[in-house]
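Structure first, commentary second.
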Amino acid sequence: MSGSTFGQLLCVTNFGESHGPAIGCVVDGCPPGLPLSEADLQPDLDRRKPGTSRHVTQRRESDRVEILSGVYQGSTSGAPIALLIRNEDARSGDYAELAETFRPGHADYTYWRKYGVRDPRGGGRSSARLTAPMVAAGAIARKWLGQAFGTRIRGHLQQLGDVAVAFESWEMVDANPFFAASLDCVPQLEAKIDALRRSGDSCGAVVRVVASSVPAGLGSPLYDKLDARIAYAMMGINAVKGVEIGAGFAAAAQLGSTHGDEMTPDGFLSNHAGGVLGGISTGQDIEVRLALKPTSSIRLPRRSVDLKYRAVTVVTQGRHDPCVGIRATPIAEAMLALVLMDHALLQRAQNAEVRHELAPLPGAAPV
């Protein structure tokens, strides 16, 4: 199955299935000399893992990551880094009735049309469980970027279903199970998810991710633009149906006199471009927003067909998130980190000799 490798100089090859013995990835291209251990990766995996609150799937996975290669005496050696996460709580019997039918909104039908066979257990390769290895790989990139440039990547929930979530402080994001940047809205979010669980339905979400202290000059025209690669990475996350960079779709209603970010000796006066101009980073914050669709696995009866195209009614059993967007924040952070590290390595490879007398203009957009 092609399409499981991400990146150019920093290459991440993802493997495994939702209900197989293990999932994982191989990270190739990480420079040697980066201090690295499982303890550097585990916190991000703990933020993403299931069963952390009553509002997400109750599948119980410790998501303990094992580093199998590429690290010697506490530092990366330059060799491929193999990461393994064992599956511990798969209940394949929940999916026995789905082997002959297709779930509406899922990849069941398209996988079958493409490969002629599919793994119905938890969605197989199409499961969001396969984002866990990418979060582990992203933790490597996050650490490298932090040491190299002081880059910081943070995300938060901006909308859950029809409930908008205000931004108050980054400090609040990890103080609640929704990754919301406001604690005042948590009771409303809890009531929303509790109602969805009772009804058997699901909802979508919007997640915002911001990378600060990103060096200027990352990305290349025409078809390797930084924002294009970011959009590509984000669309690779399960359930993502839309990506905005900077002002995004709001740019259509702006005037050129508003959208164009003016520059002064003190820096940029705005950041409608989202930190990218002409496909190349400006040194401002990288601003990304993701729209995630409602979870397709729901308990409500849905019309579908079986392998013979006969009409059936599907009711999905098992353990599922009523909103996949709740756990999407650390996934989006990881994918942004991987893109930025990949482009930083590409920039170093091609333009290491480029020197400027002046530092990049400082960004004036608030974090």
Charge dipole magnitude, Cβ of K and R +1, D and E -1 - the chain, Cα centre, debye nearest 20: 1420 debye
Any residue on another chain or 5+ positions along whose placed amide H is under 5 Å from the amide H of His320 is listed here as Gln58
Please state the relative contact order of the chain as a whole percent: Cα pairs under 8 Å, 6+ residues apart? 21 percent
Residues with amide H under 5 Å of Ser220's amide H, sequence separation 5 or more or different chain, H placed in the peptide plane at 1.01 Å from N; which? Lys225, Leu226
Using Cα-Cα distances under 8 Å and only pairs 6 or more residues apart, what relative contact order does segment 261-367 have, in percent? 36 percent
Per residue, what volume in Å³ does the Cα convex hull of segment 1-120 take up? 132 Å³
Cross-link reach list, aspartates and glutamates versus Lys49, counting only Cα pairs under 19 Å and skipping chain neighbours closer than eight places: Glu17, Glu38, Asp40, Glu61, Asp63, Glu66, Glu88, Asp89, Asp174, Glu190, Asp321, Glu333
Cα-based helix-to-principal-axis angle, 226-235 vs the chain, degrees rounded to 10: 10 degrees
The ratio Rg/Rh over the Cα atoms of segment 202-269, Rh being the Kirkwood inverse mean 1/r radius, stands at 1.01
Taking a ≥ b ≥ c as the square roots of the Cα gyration tensor eigenvalues, with a/c under 1.5 meaning rounded and otherwise prolate when a/b beats b/c, else oblate, which class fits segment 119-178? oblate
Quick one: go through segment 1-25 and flag any residue whose amide nitrogen is under 16 Å from the point 7 Å out along the Cα-to-Cβ line of Ser69. 11-16, 24-25
So what is log10(I(q)/I(0)) for the chain at q = 0.07, 0.10, 0.15 1/Å, when the Debye sum runs over its Cα atoms only? -0.32, -0.65, -1.38
Inter-site label distance for Ala191 and Leu300 at 7 Å from Cα along Cβ, in nm: 2.1 nm
³J(HN,Hα) computed for each position of segment 204-214 - Karplus, 6.51 cos²θ - 1.76 cosθ + 1.60, integer Hz, glycine/proline x: x, 7, 10, 10, 10, 10, 10, 10, 10, 6, 8
Spelling out what I want: for every residue of segment 184-199, take phi, set θ = phi - 60°, compute 6.51 cos²θ - 1.76 cosθ + 1.60 (Karplus), and round to whole Hz; glycine and proline get x. 5, 8, 4, x, 5, 5, 4, 5, 4, 5, 4, 5, 5, 4, 5, 7
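Here, each number is a calculation from the coordinates, and none is a lab measurement. Just so you know, these numbers come straight off a predicted model, no measurement behind them. Note that we place each Cβ from the backbone using ideal geometry, even for glycine, and neighbour counts take in every protein chain shown.
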